[in-house]
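What follows is one structure encoded as structure tokens, with my remarks underneath.
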Amino acid sequence: MSNKDLPIGIFDSGIGGLTVLKEIISRLPGEGTIYLGDTARVPYGIRSPETVTRYSFENTRFLFSRGIKLLVIACNTASSVSLEAVRQSVPVPVIGVIEPGARAAAAATRNKKIGVIGTDATVRSNAYPSAIRSIDDTIEVYSLPCPLFVPLVEEGWTEGAVAELTAETYLSDMRGKGIDTLVLGCTHYPLLKNILSQIMGPGVTLIDSAIETAAAIRSALAAHAMLRDTPGGGSREFYVTDSPEKFVRVGERFLGSSISFIQKIELESEV
Ligand code: DGL
């Protein structure tokens, strides 16, 4: 098998990264994919950078043991705190979700006021504001952790009174900042797009990091002459660190298609 035919490896703390996988499949249907959801240790968003970095290395090592040509860190939290360390440790391109989202937000804003929402760990890391300011240091960035969105989405409560009230409570301050662009800095938030755009109003552009990341993956593969142009859909493999049932049930909704090959695995811990 030539390098070109190897799959793309993707990891996330759990189910959420399937929003990124969905965009990869829709833009690069010929590519094979191996997805690892660390469902036994989700959520990452409440953990320390050291712990999340250790998890990232363990996930990376597993995906490499399967043979991959490019690694995607689909989790915003893991991308925020461990992208550089992982990038330096592997011989293939590594794509995180922060840079693509930051680039798209910087390009979209007209009034140079951007909001970023994410997990506690992502907001604490300051990764989005520094990525945005490294593109244009005149942009003002307002960050806000919205931790309750993750369990809401995991439960499938992406519409209705509870989701609306939670979003309204979190975002009422953000609305007062006069932003014209809002980065959905967490894998789960694209599923709340309807409610978020209703609350923020038509003057605010929502940036979906998943879409931007898929575009960055295409560019990286093209730059390394590794795009798989063979006709026919690529293979799809899924691995989880806890039982697969809930992952399949909720994940099929995230992904919009069925999950057939799935296996529970034990990750080797870093020593
Ligand atoms: N995947 C995480 C992220 O994008 C959300 C869930 C978690 O906290 O692990 O930040």
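The values are calculated or read from the model by the stated rules, or taken from the named source; none is laboratory data. Predicted, not measured: the structure shown is a model, and the values here were computed from it. FYI the Cβ positions are ideal-geometry reconstructions off the backbone, even for glycines, and counts take in every protein chain you see. Please note that ligands, DNA and RNA were not included when accessible areas were found on the heavy atoms of the full protein model with its side chains. Shrake-Rupley method; radii C 1.70, N 1.55, O 1.52, S 1.80 Å.
Descriptive notes on the structure:
- Residue-level accessible surface for CYS75, protein heavy atoms, 1.4 Å, Å²: 10
- Largest-first ordering by accessible area, 1.4 Å probe, given options THR39, THR122: THR39, THR122
- Measuring with a 1.4 angstrom probe and ignoring ligands and nucleic acids, LYS193 comes out at about 70 Å² accessible.
- Seen from a random direction on average, the alpha-carbon convex hull of the stretch 182-234 projects onto 5.2 square nanometres.
- Computed from backbone phi, the HN-Hα couplings of the stretch 141-157 come to 10, 10, 10, 8, x, 10, x, 6, 5, 5, x, 4, 5, 4, 7, x, 8 Hz, rounded to whole numbers (Karplus: 6.51 cos²θ - 1.76 cosθ + 1.60, θ = phi - 60°; Gly and Pro given as x).
- Test item: Cα-centred dipole of the chain, Lys/Arg +1 and Asp/Glu -1 on Cβ, debye: 460
- The 1.4 Å probe gives accessible areas that order ARG124, ARG133, ARG47, largest first, as ARG124, ARG133, ARG47.
- On full extension, the segment bounded by ILE265 and ARG54 gains 74.2 nm, given 0.36 nm per residue less the C-alpha separation.
- Membrane-span-like helices in the chain, defined here as complete DSSP H runs extending at least 18 Å along the helix axis by their C-alpha atoms with mean Kyte-Doolittle hydropathy no lower than -1.0, are 49-66, 76-89, 161-175, 209-223; this is a sequence and geometry rule, not a statement about a membrane.
- The amide H of VAL72, built 1.01 Å from its N in the peptide plane, has GLY9, ILE10, PHE11, ILE95 as neighbours under 5 Å, considering only residues 5 or more places off or on other chains.
- The chain - mean residue ellipticity at 222 nm from DSSP helices (-39,500 (n - 2.57) per run, n ≥ 4, rounded to 500): -14000 deg cm²/dmol
- Separation of alpha-carbon centers, the stretch 89-155 and the stretch 1-78, rounded to whole Å: 18
- The candidates VAL86, VAL81, arranged from most to least accessible area with a 1.4 Å probe in the full protein assembly, appear as VAL81, VAL86.
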